[in-house]
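Read the structure below first, then the notes.
Every number here is computed from the coordinates shown, using simple stated rules; none is lab data. Only a predicted model underlies this, so the values are computations on that prediction, with no experimental measurement involved. Backbone-built Cβ (ideal geometry, glycine too); neighbour counts: all protein chains shown.
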Amino acid sequence: MYLGGMRGILVLMTMVLGLGLQAGTTSASSFKVTPVRVTFSGPSSTLLTLRNESDQPLRFQISSFTWSQDARGSVQLSPTDDIVFFPALLTLNAGEERKVRVAATVAATDVEKTYRIFFEELPPLEKKDDKTGAQVRILTKMGIPIFVTPAKGYAQAAVDSLRIEKGVVSFEVRNSGNVHFGLQGVKLRGMSSSGETLFEKQLEGWYVLAGSPRTYSLEIPESVCPRLKTVAIEAQTDVTSIGSAGTVATQFEVQRASCK
């Protein structure tokens, strides 16, 4: 929570990381940015459109970061000069839109480089004659992914490192390619020796960056684990060169001792 230097206005910050994996529009409660994803093949520039969809003026600050992810999918950001933009600060009136020039200053390498540019809504300027009393204002910080891709890019998805220890199933969705892929979700299904489905779970996905595995773990119900014979895993990706609709599937047998 951020408490601004304004009388009687409580400012709350929310973040939108651009969860959509497809091109289109990313919308916050009061503004939107198009397109929702930018791809460069080297030093070049493009235009993003920032539109104020509220009924009052909005102030913005723009910043860029390198983007990586840990094994749990948590976003890791570091300030960078590889991605530059203009303007850095701007104000839009209600219903107004503005073009923002964004450029990559780095050459492509053998492995895709990943960044995020953030559009951060700033608190409104204080009005000395404002006597409306305490107000709550929700501010949004929206991140748009930027990729600098190699000339020959490919994504390669696999599910491995499967194991069950003390009733917890864990595994990794790996990307051994040199560009990212989108992971729409992961489906787990536990079956008995007769093929009966004992449990089923759908896990969320996101981007899987080149060389960065996404690790999952899930506790199996205590009453179910001793009856398990097989666990099947299906990872739904946007890699069209594999499986049915980009699905990577595998399964493994469960040893009774792994439930204890």
All aspartates and glutamates inside 13 Å of LYS152 as judged from Cα atoms, apart from same-chain residues fewer than 8 positions distant: ASP110, GLU112
Summing +1 per Lys or Arg and -1 per Asp or Glu among the other residues with Cβ less than 12 Å from ILE117's Cβ gives +2
Return the whole-Å distance between the Cα centroid of the range 175-253 and the Cα centroid of the range 45-86. 31
Interchain or sequence-distant (5+) residues whose placed amide H lies within less than 5 Å of the amide H of THR39 are PHE147
Kirkwood hydrodynamic radius (C-alpha pairs) into Stokes-Einstein, the range 157-259, 10 °C and 1.306 mPa s, D in µm²/s: 114
Residues with amide H under 5 Å of LYS229's amide H, sequence separation 5 or more or different chain, H placed in the peptide plane at 1.01 Å from N; which? MET191, SER192, SER193
